[in-house]
Every structure is written in C-alpha cells, then in structure tokens.
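Shown next, in structure tokens, is the structure this report addresses.
The values are calculated or read from the model by the stated rules, or taken from the named source; none is laboratory data. Just so it is clear, the model here is predicted, and its values are computed rather than measured. A quick note on method: Cβ atoms are made from the backbone with ideal geometry, for glycine too, and the neighbour counts reach across all protein chains shown.
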Amino acid sequence: MAVALKRLAVPLLAVGAAMLAGWQRHQRDYVVSVEDDGSAVTRVIAQRFAGASSLKVSELSGTIQSTAQDVRGFGWLKSDQVVKMPFSVDYFIDLRGIDASDLEWDARTRTLIVNAPDVQPGRPNIDESRRTLVQTNGLFVTRKAGEELSRRTSAHATGRAEKEARSPERMAQARDYGRAALGRLLGAPLGALGYGDARVIVTFPPERADRNRERWDVTTPINEVLANRRQAR
C-alpha cells in the first residue's frame, strides 16, 4: 500500500499544481460545475475552444490534370505540356472564432446550438513528386521553356484545385463533416457536466437564414457516442 501511495504522489501533486495554476481554471473546474442555468454549459464550452486554434474536419483528395503552353522565338517555338498528379485540400474550422456569444443553450430540450464560423479550405497540396503523366510536345523545347511549362502547370493545378475545393457541392460536404467533428469535440465537456444526453446543433453562416434549425441536427446523441466508445475498448 505504501508503495502504491508513493507512485500516486507525483501525479497527484501534478494535478494539484495544475488546478492552482490560475483563477480562470479554478472557475472552470468549480464555479461552473455548480450552475445549471445554461450559462454554465456555454462557459465551459467556450473555454474548451479558447485552448484550440483550428479543427481539421475533412479532406478532399484526387488526381488533377493541368495543361500549359509556351511560345518563344517570335512564335516559331511552340510547346505544350499535360500533367496529371495527385492533390489534396484540408478543410478547417477556426475555433478561435467561437466564443460564448456564439453558443445557445436550451435547458428545456437540453440542446446546445453552436453558431460556428464557416468551414475554410486550406491551400491545395499538389504532390508533383508523384506525377502519373507528363506529356510534353514541341518541335524543340528549350530548358527555359521546360521550366516555364513546369511552373505554369503547377500554378494551373493549384488554381483548379482551389476552385474545386470551394465549389458549392464540396463546401456543403465539408460543412456536414464539420458538424460531426464539432459534435465529437464537445462530447467530453458536455458529458463531464452531466449532459451526456444533450444534442448539439451546429450552424454555419450560409445556413442561418433558415430559421428551422432542427433540420441541421445531424449529430449522434452524445450518450450514444460515449456508449460506443466504451464498447469499443
């Protein structure tokens, strides 16, 4: 027993030091837990967001084809290039853009509404090292022409990937993944406060004109998520 207590001494001291690190954390761990009027849930969620920056919610990947042309020698030296290569675009939600004013708690229905900033695609990642096709045509392709063709195909591929990532269809899919990701992220703090059966409804700016928010409730109840995790262990 004495050995076991000695082993527990260091982690217990670490926990104690962390709890006394600041007044904000003290309020989060104690003051918030004794309230049950909605603001308590809002506050603890807001602090959860305050410790994060961005949340990756989905990824678009595939193969892109890019073409480019180059003309030199007063129009006599014409060349073109066609390239196929894989690409990927990550989608993120900036959690720094969420504070207490963006959270609504309905105590009667035990529902948390999160008015999140819109999902944003990151910069496309074009993997030129894994090109599956490089086709260059021209009577005589100089070294400079080849370099320019490579630069242009890369730029064109990036532009096409950005356009595809921001298309309405892709953005709608990313928002659906964003709803699920935020629901999972909020599961732990809600469960810790005793709201394991709470619903999470996430809205994004393009959707808030629709007042029927119930149709955005696509998250799994948090108690089911926690139960599935326990069964998976």
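Within the option set Val114, Val82, being β-branched (Val, Ile, Thr), touching a residue at least 40 places away in the same chain (Cβ under 8 Å) and within 29 Å of Gly194 (Cα to Cα) holds for one residue only, Val114.
Among the numbered conditions (1) more than 16 Å from Glu207 (Cβ to Cβ); (2) in contact (Cβ under 8 Å) with a residue 60 or more places away in the chain, the only one that Asn125 does not meet is (2). So, of the residues in the stretch 101-127 that are among the β-branched types (Val, Ile, Thr) and part of a strand (DSSP E or B), which turns out to be surrounded by the most Cβ atoms within 10 Å (Cβ to Cβ)? Step by step, filter the stretch 101-127, then rank; the result is Ile126.
As a summary of the residue check, Leu8 satisfies the conditions (1) more than 30 Å from the chain's Cα centre (by Cα); (2) farther than 30 Å from Gly146 by Cβ; (3) modelled with pLDDT of 60 or more except for the one numbered (3).
So which residues in the stretch 70-100 are assigned to a strand (DSSP E or B) and under 17 Å from Tyr177 (Cβ atoms), if there are any at all? Ser88, Val89, Asp90, Tyr91, Phe92, Ile93, Asp94, listed by residue number. Of all residues in the stretch 137-166, those that are over 28 Å from Gly73 (Cα atoms) have Cβ atoms under 7 Å from Cβ atoms of residues that are modelled with pLDDT of 85 or more and part of a helix (DSSP H, G or I), 6 or more apart or on another chain, in Glu164/Arg170. Looking at Arg152, Arg143, Arg160, Arg130, can you tell me which residue is loosely packed, with under 13 Cβ neighbours inside 10 Å, touching a strand residue (DSSP E or B) at 6+ places or on another chain (Cβ under 8 Å) and of a type in the set (D, E, K, R)? Answer to the check: Arg130. Checking each residue in the stretch 167-210 for being assigned to a helix (DSSP H, G or I) and among the hydrophobic types (A, V, I, L, M, F, W, C) picks out Met171, Ala172, Ala174, Ala180, Ala181, Leu182, Leu185, Leu186, Ala188, Leu190, Ala192. Could you check, for the stretch 53-61, whether at least one of its residues is modelled with pLDDT of 70 or more, touching a Gly at 6+ places or on another chain (Cβ under 7 Å) and either surrounded by fewer than 15 Cβ atoms within 10 Å (Cβ to Cβ) or farther than 30 Å from Ala198 by Cβ (or both)? Checking the stretch 53-61: not a single residue is modelled with pLDDT of 70 or more, touching a Gly at 6+ places or on another chain (Cβ under 7 Å) and either surrounded by fewer than 15 Cβ atoms within 10 Å (Cβ to Cβ) or farther than 30 Å from Ala198 by Cβ (or both). Residues in the stretch 171-197 that are in contact with a strand residue (DSSP E or B) (Cβ under 6 Å, 6 or more places away or on another chain) and buried (at least 18 other Cβ atoms within 10 Å of the Cβ) were compared, and the one that is nearest to Phe87 (Cα to Cα) is Ala174.
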